[in-house]
């Protein structure tokens, strides 16, 4: 992992409530960088790749031209935030937040800063 990717992953893990983060290539389903734990992030990357692909296909079918900013999956005790990286086509950041400790609005804001600093 490059030093820039490591810095970005480390920065994401400082977000209140963050338990895991990954940078994923949705063209291949490969996890390019990751931090945190508690789950198999390679498996999560592959599964969330299918979520992103399905949404992109649906948008194309519906003729929607705007890009996806993020996708939120809410579980009983976690938020799973998938944030597409606009300056690196084909990539998304995947952040897992503990609902009791995290602030979703602040996490989205901080991920935007992190995506701007990504160099892949």
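Structure data summary
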read-out: Helix 104-117 vs. the chain, principal-axis angle (Cα, 0 to 90°, nearest 10); value: 80
read-out: Gain in span if fully extended, residue 28 to residue 87, counting 0.36 nm per residue against the direct Cα distance; value: 19.5 nm
read-out: Peptide ranges 60-67, 85-92 listed from the most packed, as the mean C-beta count within 10 angstrom indicates; value: 85-92, 60-67
read-out: Degrees separating the helix 41-62 axis from the principal Cα axis of the chain, which is the longest one; value: 30
read-out: Principal axis box of the chain, alpha-carbon based, largest edge first, Å; value: 38, 34, 26
read-out: The range 54-120 shape via C-alpha gyration tensor axes, a/c threshold 1.5; value: oblate
read-out: Full-stretch length increase - residue 40, residue 16 - with 0.36 nm per residue and alpha-carbon distance subtracted; value: 6.6 nm
read-out: For the range 36-70 versus the range 83-119, the gap between their alpha-carbon centres in whole angstrom; value: 14
read-out: Degrees separating the helix 3-13 axis from the principal Cα axis of the chain, which is the longest one; value: 80
read-out: Label-point separation in nm, residue 53 to residue 105, each point 7 Å along Cα→Cβ; value: 3.6
read-out: Fully extended contour minus Cα-Cα distance, from residue 120 to residue 66, at 0.36 nm per residue; value: 17.1 nm
read-out: Mean residue ellipticity (222 nm) of the chain, computed from DSSP H runs ≥ 4 via -39,500 (n - 2.57), nearest 500; value: -13000 deg cm²/dmol
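Only the coordinates and a few stated rules stand behind these numbers; no lab work does. Owing to the predicted nature of the structure, the values given are computational and were not obtained by experimental measurement. Methodologically, a virtual Cβ is constructed for each residue, glycine included, from the backbone with ideal geometry; neighbour enumeration extends over all protein chains shown.
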